[in-house]
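Below is one structure; the comments refer to it alone.
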Amino acid sequence: MDPAIRDRELRLWQTLGPTAYRLRSVGVAVLLALGGAVVFLGFMTVINHFPGTGAVYKGPGERSVRVVVGTCQQLGPISKQGFGYWWECDAAVTGSGGAVRKTRIERSVVTPEDQGRSLVLREGCRDRKGFTDCSYGRPTNSWLEMGVLLIGKVGWIVAVFSGLGALVYLTRALLGAPRYCRFRGGRPASARS
């Protein structure tokens, strides 16, 4: 453990006392977790405004399919799509072989105004453990899709580091500064436990 961090934590432990130190650590953990969640949802909002399929990270590529839009449901103001209101619609997808399958199209790619209409969309799929995961969108530039992929990765990185920071502060709250310093390999000077 860095001696500067150890000294700072032990000073805070002495100055604030055990209860206030622990409450402060829990408060910082909560703020880090909330901040990470807000940033992640913000990144998801940006990504989900992208009209493409996201097939850059889905798998081998995209293909055109005919879609007949069914009933729609509105999600929001906070959902897995991010901030705002989003449409998810049931649809019947006809692939190149003529087989029809039911699916759900997310991210407001189609809306209630499209109900009953037959549209041509792009489909990007990948197989995961016997389950085919497909996303749908409009034709777009592949370079733009790569940019969106990078934005998504940054969002995940921020979320992971915020979560790890929250865990560090929760550990400090649980153990207290002297035990936390011993746990991290420092030798704390005499301090109240």
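The values are calculated or read from the model by the stated rules, or taken from the named source; none is laboratory data. All values reported here derive from a predicted model rather than from experimental measurement. In this analysis, Cβ positions are derived from the backbone assuming ideal geometry, glycine residues included, and neighbour counts consider all displayed protein chains. Ligands, DNA and RNA are excluded from the accessible area calculation, which covers all protein heavy atoms including side chains. Shrake-Rupley method; radii C 1.70, N 1.55, O 1.52, S 1.80 Å.
For (1) open to solvent by less than 80 Å² (accessible area, probe 1.4 Å); (2) in a loop (DSSP other than H, G, I, E, B); (3) within 30 Å of residue 35 (Cα to Cα); (4) aromatic (Phe, Trp, Tyr), each residue gets a yes or a no:
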residue	(1), (2), (3), (4)
65	yes, no, no, no
74	no, no, yes, no
132	yes, no, no, no
135	yes, no, yes, no
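Total residues in the range 142-172 satisfying the condition of being of a type in the set (Lys, Arg) and open to solvent by 80 Å² or more (accessible area, probe 1.4 Å): the figure is 1.
Just checking, how many residues over the range 173-193 are modelled with pLDDT of 90 or more and open to solvent by 20 Å² or more (accessible area, probe 1.4 Å)? Looking only at that region, the number is 3.
The condition (being of a type in the set (Val, Ile, Thr), surrounded by 12 or more Cβ atoms within 10 Å (Cβ to Cβ) and farther than 30 Å from residue 163 by Cβ) is satisfied by just one residue among 94, 53: 94. If residue 25 meets every condition in (1) in contact with a Gly (Cβ under 7 Å, 6 or more places away or on another chain); (2) among the hydroxyl-bearing types (Ser, Thr, Tyr); (3) part of a helix (DSSP H, G or I) apart from one, which number is that one? Among (1) in contact with a Gly (Cβ under 7 Å, 6 or more places away or on another chain); (2) among the hydroxyl-bearing types (Ser, Thr, Tyr); (3) part of a helix (DSSP H, G or I), residue 25 violates only (1). When the range 76-91 is limited to residues that are touching a residue at least 24 places away in the same chain (Cβ under 8 Å) and not in a strand (DSSP E or B), the one that is surrounded by the fewest Cβ atoms within 10 Å (Cβ to Cβ) turns out to be 80. Of the residues making up the range 97-117, those that are assigned to a loop (DSSP other than H, G, I, E, B) and either surrounded by 15 or more Cβ atoms within 10 Å (Cβ to Cβ) or in contact with a strand residue (DSSP E or B) (Cβ under 8 Å, 6 or more places away or on another chain) (or both) are 106, 107, 108, 109, 110, 111, 115, 116, 117.
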